[in-house]
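These notes are about the structure you will find just below.
The values are calculated or read from the model by the stated rules, or taken from the named source; none is laboratory data. Keep in mind it's a predicted model, so treat the numbers as computed, not measured. Cβ placement follows ideal geometry from the backbone for every residue including glycine, while neighbour counts extend to all protein chains displayed. Note: accessible area is taken over every heavy atom of the protein model, side chains too, but ligands, DNA and RNA are not part of it. Shrake-Rupley method; radii C 1.70, N 1.55, O 1.52, S 1.80 Å.
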Amino acid sequence: GVEKDGESATRTNHSSIRNQIATLMSQYDDIATKYNIFKTFPTSMLETESLFQAVRDRIKGARVLDLACGTGYYSHKSLEWGAASVLGVDLSPAMVQVANQSISDAEKGRLAFRAGDVLEMVRLDEQLFDVVLGVWLLNYADSLDQMARMCYAISANLKPDGVFVAITPPPIPADKIDAFIHDRNAFYTSHPGEWGISVDYYERMVSGEGWKAEVRGSGEASDVQFRCFHHSQEVYELAAKQGGLLGSVAWLPARVPEQAMREK
């Protein structure tokens with residue numbers, strides 16, 4: 001999904017929320033050195049091309065903030081695509097350690113990583129960012145309130161004419177999400193590991209805002225798994241507004257790379 005235009009906003013911290021999100025995302029400390037294997041799966045080609053198409057008109061010469069950067073895959077990609085500088089932030093110190101080790105001599109001075117919790121994040125720098133990335137960030141919010149607080153942090157660091165670009169699970173309207181989840185579970189049951197991963201939507205959220213999910217790798221990544229949430233489309237859009245991202249919201253379809261089309 002792509003959420004455009006942000007304005008600075010102030011947010012209030014809640015320790016209980018911080019503890020919940022820290023517990024959820026600390027799962028990545030144990031898989032930090034293995035996480036990049038997900039970028040070798042077929043689904044990653046769609047993800048990378050979709051993100052590039054979403055940012056291509058904004059990325060050249062931009063100051064980029066990459067939230068939930070993991071081991072820095074899209075931070076590096078942002079520089080390849082023409083960004084002037086990139087700051088990657090991730091909750092997992094282990095992920096950040098791997099990311100720091102990946103900085104090349106040519107990238108020094110233009111690329112940096114730091115550990116940090118988006119729910120605790122305030123303005124990171126005197127200069128605001130032109131582009132904020134949230135690739136698989138918002139799906140770690142366990143409620144509308146948590147997601148809105150993430151959006152507060154994003155808007156506080158984004159230029160008024162900047163753009164926030166997120167990759168999320170498919171944005172399904174609330175009245176259709178249960179049927180979608182049923183179909184997805186049936187698919188993954190009948191096609192285990194076909195795309196390198198499988199997703200088990202194991203419990204409906206008490207709030208009714210979406211579903212809890214466990215993502216598992218297959219093959220070389222069979223021991224890699226983590227939990228997150230699949231929210232309805234309305235939750236994403238309302239959280240953006242409540243969090244101070246006051247511009248328009250556009251949901252863009254996944255894009256298949258031209259190379260993959262030719263190979264097919």
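Note on segment 234-247: residues that are touching a Pro at 6+ places or on another chain (Cβ under 8 Å) and surrounded by fewer than 19 Cβ atoms within 10 Å (Cβ to Cβ) total 1.
Considering segment 20-67, the residues that are modelled with pLDDT of 95 or more, out of contact with any helix residue (DSSP H, G or I) (no Cβ under 7 Å at 6 or more places or on another chain) and part of a loop (DSSP other than H, G, I, E, B) include one that is farthest from Ala115 (Cα to Cα), namely Asp57.
The requirement of being open to solvent by 30 Å² or more (accessible area, probe 1.4 Å), out of contact with any helix residue (DSSP H, G or I) (no Cβ under 9 Å at 6 or more places or on another chain) and free of Cβ contacts under 8 Å to residues at least 40 places away in the same chain is fulfilled nowhere in segment 127-135; no residue meets it.
Residues in segment 156-183 that are open to solvent by less than 20 Å² (accessible area, probe 1.4 Å), more than 29 Å from Glu203 (Cα to Cα) and either in contact with a Phe, Trp or Tyr (Cβ under 8 Å, 6 or more places away or on another chain) or not in a helix (DSSP H, G or I) (or both): Asn157, Leu158, Gly162, Val163, Phe164. All conditions in (1) of a type in the set (A, V, I, L, M); (2) touching a helix residue (DSSP H, G or I) at 6+ places or on another chain (Cβ under 7 Å); (3) open to solvent by less than 10 Å² (accessible area, probe 1.4 Å) hold for Ala83, with the sole exception of (2).
Restricting attention to segment 136-151, which residues are among the aliphatic types (A, V, I, L, M) and at pLDDT 95 or above? Selection gives Leu137, Leu138, Leu144, Met147, Ala148, Met150.
Just one residue in the set Ser78, Ser104, Ser92 is under 24 Å from Leu158 (Cβ atoms), modelled with pLDDT of 95 or more and among the hydroxyl-bearing types (Ser, Thr, Tyr); that residue is Ser78.
Scanning segment 93-124 for residues that are surrounded by 16 or more Cβ atoms within 10 Å (Cβ to Cβ) and β-branched (Val, Ile, Thr) returns Val96, Val98, Ile103, Val118.
Of everything listed in (1) under 30 Å from Gly244 (Cβ atoms); (2) in contact with a Pro (Cβ under 9 Å, 6 or more places away or on another chain); (3) of a type outside the set (S, T, N, Q), the single unmet condition for Ala174 is (2).
Is one or more of the residues making up segment 202-209 among the hydroxyl-bearing types (Ser, Thr, Tyr), modelled with pLDDT under 95, under 21 Å from Gly243 (Cβ atoms) and open to solvent by 20 Å² or more (accessible area, probe 1.4 Å)?
Yes, the conditions are met somewhere in segment 202-209.
When Ala106 is tested against (1) part of a helix (DSSP H, G or I); (2) in contact (Cβ under 8 Å) with a residue 24 or more places away in the chain, just one condition goes unmet, and that condition is (2). Among the conditions (1) small (Gly, Ala, Ser); (2) under 20 Å from Phe164 (Cβ atoms); (3) open to solvent by 10 Å² or more (accessible area, probe 1.4 Å), the only one that Ser78 does not satisfy is (3).
Of all residue pairs spaced 6 or more apart or on separate chains, those with beta-carbon atoms under 6 Å, a first member in segment 179-198 that is under 15 Å from Ser232 (Cβ atoms) and a second member that is modelled with pLDDT of 80 or more are Phe180/Ile172; Ile181/Tyr201; Ile181/Trp211.
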